[in-house]
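Below: the structure, in structure tokens.
Read-outs throughout are calculated quantities, based only on the coordinates presented, and are distinct from any laboratory measurement. In this text the structure is predicted, and so the values were computed from the model without any measurement. Cβ sites come from the backbone with ideal geometry, for glycine too, and all protein chains shown count toward neighbours.
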Amino acid sequence: MDTPKYKRVVLKLSGEALAGDEGFGINPAVIKSIAEQVKEVAELDVEVAVVVGGGNIWRGKIGSEMGMDRATADYMGMLATVMNSLALQDSLEHLGIETRVQTSIDMLQVAEPYIRRRAIRHLEKKRVVIFAAGTGNPYFSTDTTAALRAAEIEADVILMAKNNVDGVYSADPKTHKDAVKYDRLSYLDVLKEGLAVMDSTASSLCMDNDIPLIVFSFTEKGNIKRAVMGKQIGTIVRGKE
């Protein structure tokens, strides 16, 4: 059997991905499919950490556009990520995968607080760790959370799994038929061209810490495993190209 290219990964899922075609809430079939793919990777002895967004339930940006205090709106978004994380944990544990949720905001009746050394220890014991509640601070996205946690736990790569696109394009492929898909990019290219990969804070953090990023679609079963194995899939973004 082939050896995985990456031994410790951070899987980044958008909240919208969990909603599937419904656009809101948690689609049981989608979250089960994600859990099955995570199980497939975990059984290769790959250490898996997950960061989930909350946009399927609440987006802080929308709240602030409604006139809500930005910090309050962002904290509501953090709570939405906790709901998604608990749902994913439940789905994984139904498949027999030991999982821990760690939150950046203390809620001890629900999950562990985020402690870097404890998270690494869980990973070493082959438990899946889900990082919830963002960074615990308003004004930061879950993309930035993924970049920060990847740097903290010394992950080999960030896997950005999408449900509506299979890589990074020069423009939105849904509205621009001539959009070109990139196989490889540098973070400088992403920042310079304003490509919608992750926000600029997250991109800069990944670039500064030399953390590669793979953007791909998880809707085709087995793609998360293919990414971990180092197969050519989606778009890979590195510090230098």
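For this structure, a couple of remarks:
- Its DSSP H runs of at least 4 residues, each contributing -39,500 (n - 2.57), put the calculated 222 nm mean residue ellipticity of the chain at -11500 deg cm²/dmol, to the nearest 500.
- Other residues with beta-carbon under 10 Å from the beta-carbon of T235 carry, at +1 per Lys or Arg and -1 per Asp or Glu, a net charge of 0.
- Amide proton proximity set for E47, modelled H, under 5 Å, gap of 5+: R8, V9
- When the P(r) of the stretch 1-89 is calculated, the portion above 21 Å amounts to 39% of the C-alpha pairs.
- Between V48, V128, V165, the residue with the greatest mean-square fluctuation in the GNM of the chain (Cα pairs under 10 Å linked by springs) is V165.
- Nearby lysines by direct alpha-carbon distance to K7 (threshold 20 angstrom, same-chain neighbours under 8 apart not counted): K39, K125, K126, K225, K231
- In order along the stretch 180-186, phi translates into HN-Hα couplings of 9, 8, 8, 8, 9, 8, 9 Hz, rounded to whole numbers, per the Karplus curve 6.51 cos²θ - 1.76 cosθ + 1.60 with θ = phi - 60° and x for Gly and Pro.
- Sites L108 and N209 - FRET efficiency at Förster radius 45 Å, r taken between beta-carbons, to 0.05: 0.90
- Neighbour-limited loop hits for GluC sites (Glu not before Pro), the stretch 74-145 (at most 16 other Cβ within 10 Å; DSSP other than H, G, I, E, B): E98
- Relative contact order (%) - the stretch 109-241, alpha-carbon pairs under 8 angstrom, separation at least six: 27
- The stretch 1-74 versus the stretch 149-225: alpha-carbon centroid distance in Å: 15
- The string of couplings for the stretch 95-103 from the Karplus curve (6.51, -1.76, 1.60, θ = phi - 60°) is 8, x, 9, 5, 9, 10, 9, 10, 10 Hz, one whole number per residue in order, with x for Gly and Pro.
- Choice from E43, E112, E154 showing the highest fluctuation, given a GNM over the chain with Cα pairs closer than 10 Å: E43
- Inter-site label distance for L95 and T3 at 7 Å from Cα along Cβ, in nm: 2.5
- In summary, the aspartates and glutamates within cross-link reach of K5, defined as a Cα separation below 14 angstrom excluding same-chain residues under 8 places away, comprise D45, E47, D156.
- Among the trypsin sites (Lys or Arg not before Pro) in the stretch 139-219, those placed in a DSSP loop whose Cβ has at most 13 other Cβ atoms within 10 Å are K174, K177.
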